[in-house]
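Q: Please see the structure below; I have some questions.
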Amino acid sequence: MRSFVSLAFLAFALAPVALSAPARIISVGGGNTELVCALGACDKLVAVDTSSVYPETLKPLQTIRYSRTLSTEAILAQKPDLIIVDEDAGPPNVIEKLESMKIPMVKVTAGATVDDTKKRIKDIAAALGEVKKGEKLSADFDASLERLTKFQKDVNKKRVMFIYARGGKHLMVAGENTATSTLIKLMGGINAIQGIEGFKPLTAEAVAAAKPDIILMTKSGAESLGGTDAIFNLPGMKITPAAAKKNILLDDDLRLLTIGPRTAEVIEAMHARLEA
């Protein structure tokens, strides 16, 4: 009998212990925060960075600056039991300080592809203790993108150029290996900026060589330039097919700069303009 009890106690002692789910989460990166909420943990958030603007329920939360200018003091004041950040969040000394304090932290690769997004869903779901919800969200994401395959079969593909603007002195175009490049391909277009990786400064020569049929921009970017009319006065723009037809697509920053659960919705809303 004693032997049986001892074995039973040993089995209990060696059984895996489920860790309690995080209750005070700080999420850095708009795409990460959107996924936290999609996984049902929006009510566990205590603070977010300034890029985390969706869903609307985030508005009352404390903000902790931009993802690359984080403050140790602002983060610690929220007493988080989980911090979710992009790999490029910083400054480095802040991240190192938080890690040295043994606060649970998940560094997520934002990435630029569909597969990157699926990995991000998996990583965040695991950190939240919501693996099953993560699997469902990933499956739903796949299913939503399946609806877009018909767009990619179009023969008459339009050349789309994405411009990132924060005023007239900060203008960038998106090359390959960017989320916006993936978005353009999913909607059945061709990224007009070829031969470069990431974001590069906009030049008259680059715009003229790109010959875009359509300009893609964030609403806030267009507003920072003074509206859509000002966009077609940018260097090199007047001689483009896009300027001739005043073809421009605008949407929210997060929807254009991140591949996520709403990507299919964005593309379906925009695709009709590619065929116009």
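Q: So which of LEU254, LEU216, LEU249 is farther than 16 Å from LEU186 by Cα and of a type outside the set (S, T, N, Q)? Don't jump to the end; show me each part of the working.
A: Working: LEU216 fails: farther than 16 Å from LEU186 by Cα; LEU249 fails: farther than 16 Å from LEU186 by Cα.
The unique qualifying residue is LEU254.
Q: Report those helices (runs of 4 or more DSSP H) wholly inside region 133-249 carrying at least 2 residues which are among the β-branched types (Val, Ile, Thr).
A: 179-186, 228-231
Q: Also, quick follow-up: Identify, from the list ALA126, ALA89, the residue that is exposed (fewer than 15 other Cβ atoms within 10 Å of the Cβ), in contact with a helix residue (DSSP H, G or I) (Cβ under 8 Å, 6 or more places away or on another chain) and not in a strand (DSSP E or B).
A: Testing whether each residue is exposed (fewer than 15 other Cβ atoms within 10 Å of the Cβ), in contact with a helix residue (DSSP H, G or I) (Cβ under 8 Å, 6 or more places away or on another chain) and not in a strand (DSSP E or B) leaves just ALA126.
Q: Tell me, yes or no, whether region 89-101 has at least one residue that is on the phi < 0 side of the Ramachandran plot and touching a residue at least 40 places away in the same chain (Cβ under 8 Å).
A: Scanning region 89-101, I find at least one residue that is on the phi < 0 side of the Ramachandran plot and touching a residue at least 40 places away in the same chain (Cβ under 8 Å), so the answer is yes.
Okay, residues lined up against (1) in a strand (DSSP E or B); (2) modelled with pLDDT of 95 or more; (3) in contact with a Pro (Cβ under 9 Å, 6 or more places away or on another chain):
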{"position": "SER20", "(1), (2), (3)": "no, no, no"}
{"position": "CYS37", "(1), (2), (3)": "no, yes, yes"}
{"position": "ASP43", "(1), (2), (3)": "no, yes, no"}
{"position": "ARG68", "(1), (2), (3)": "no, no, yes"}
{"position": "ASN93", "(1), (2), (3)": "no, yes, no"}
{"position": "LYS97", "(1), (2), (3)": "no, yes, no"}
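Q: Just to be sure I understand, how many residues within region 115-158 are among the basic types (Lys, Arg), modelled with pLDDT of 95 or more and in contact with a strand residue (DSSP E or B) (Cβ under 8 Å, 6 or more places away or on another chain)? Even if it seems obvious, please write down each step before you answer.
A: Residues of region 115-158 among the basic types (Lys, Arg): 118-120, 122, 132-133, 136, 147, 150, 153, 157-158.
Going one step further and asking which of them are modelled with pLDDT of 95 or more, we end up with 118-120, 122, 132-133, 136.
From the residues that got through so far, the ones that are in contact with a strand residue (DSSP E or B) (Cβ under 8 Å, 6 or more places away or on another chain) too are 120.
So the count comes out to 1.
Q: Next up: Scan region 57-88 residue by residue and report those that are of a type in the set (Gly, Ala, Ser) and touching a residue at least 24 places away in the same chain (Cβ under 8 Å). Quick ask: steps written out before the conclusion?
A: To start, the set of residues in region 57-88 that are of a type in the set (Gly, Ala, Ser) comprises 67, 71, 74, 77.
Within region 57-88, SER67, ALA74 meet the criteria.
The values are calculated or read from the model by the stated rules, or taken from the named source; none is laboratory data. In this text, all values refer to a predicted model and were calculated from it rather than measured experimentally. For neighbour counting, all protein chains shown are included, and Cβ atoms are generated from backbone atoms with ideal geometry for every residue, glycine included.
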